[in-house]
1. Report relative contact order for the chain in percent, whole number only (criteria: Cα-Cα under 8 Å, sequence separation at least 6).
2. Which value, in Å² and to the nearest 10, is the accessible area of GLU30 when all protein chains are kept and the probe is 1.4 Å?
3. Sort THR66, THR158 by accessible area with a 1.4 Å probe, largest first.
4. Let me check against my output: what whole-number percent is the relative contact order of the stretch 7-107, with C-alpha pairs under 8 Å and at least 6 apart?
5. Suppose all protein chains stay in the model; what accessible area per residue would a 1.4 Å probe give for the chain, in Å²?
6. Past 30 Å, Cα to Cα: identify those pairs from LYS22/LYS172; LYS7/LYS88; LYS7/LYS28; LYS50/LYS172; LYS7/LYS97; LYS7/LYS172, in the order given.
7. How far is helix 3-22 tilted, in degrees, relative to the longest principal axis of the Cα atoms in the chain, given as a value from 0 to 90 rounded to the nearest 10?
8. Just the number, please: carbon plus sulfur as a percent of the accessible area of the chain, 1.4 Å probe, no ligands or DNA/RNA counted.
Amino acid sequence: MSGAVAKRQIILDAAMRVFSAKGFHNAKIEEIAQEAEVGKGTVYEYFSNKEALFVEMLESAFHAYTEGLTQAVSAADGSSGRLHAMLKFSLSFIQQKQELARLMMEQPIGIPPRLKQSFAALQRRIRQQVDDILQEGVERGELREHDRNVAVAMVMGTVYMFCRWEAQGRNKVSIEQISRQAVDLLIGGLQSSR
């Protein structure tokens, strides 16, 4: 990693800590520079303003999430295993970046168009992964035929709600247990086997 790339990453990491602790509106470039142990002018060498820094910080987090999610899902077997891997990775990622996740989910900010586009691309990518998992499950005989849009919405809604729960610190159960139970309910439904 070159010096410029390393310094940029140090600033992004510092920004994540400051934005997570203070929120977008209350965070100041001076505080980010101090956290990164660089001068305020150095921050402006890499980022034109606070919004640009915030957007790039979130895009970096989106990228890390999608890369890790793809690896976790690819390493799992079967539709149930892949859904479990998806939920488990998502919850673990949120747990590691709880303050940032809370900031994203709860902080009312005017979302810049670039960030809206990045977030929409992230959602499309996750939606496609879920759709692929479910379709593969049908093709392999692991899952019954279903309305793909409804099934994808159910899985994505489940992932989102558990991630929100984790971001808010309300989760008192292990990530493993939550992901196993959630996938079991998604796959098996709530109906009794009687």
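The values are calculated or read from the model by the stated rules, or taken from the named source; none is laboratory data. Given the structure is predicted, the values throughout are model-derived calculations rather than measurements. Quick reminder, even Gly has a Cβ in these numbers, built from the backbone with ideal geometry, and neighbours come from all protein chains shown. Only protein heavy atoms, including side chains, enter the accessible area calculation; ligands, DNA and RNA are left aside. Shrake-Rupley method; radii C 1.70, N 1.55, O 1.52, S 1.80 Å.
1. Result for the chain is 23 percent.
2. 90 Å²
3. Of THR66, THR158, the descending order of accessible area is THR158, THR66.
4. Details: 71 pairs, mean separation 30.4, N = 101.
Reported relative contact order: 30 percent.
5. Ligands and nucleic acids excluded, the result is 57 Å² per residue.
6. Listed pairs above 30 Å: LYS7/LYS88; LYS50/LYS172; LYS7/LYS172.
7. The answer is roughly 70 degrees.
8. Working: 5610 of 11030 Å².
C and S atoms contribute 51 percent here.
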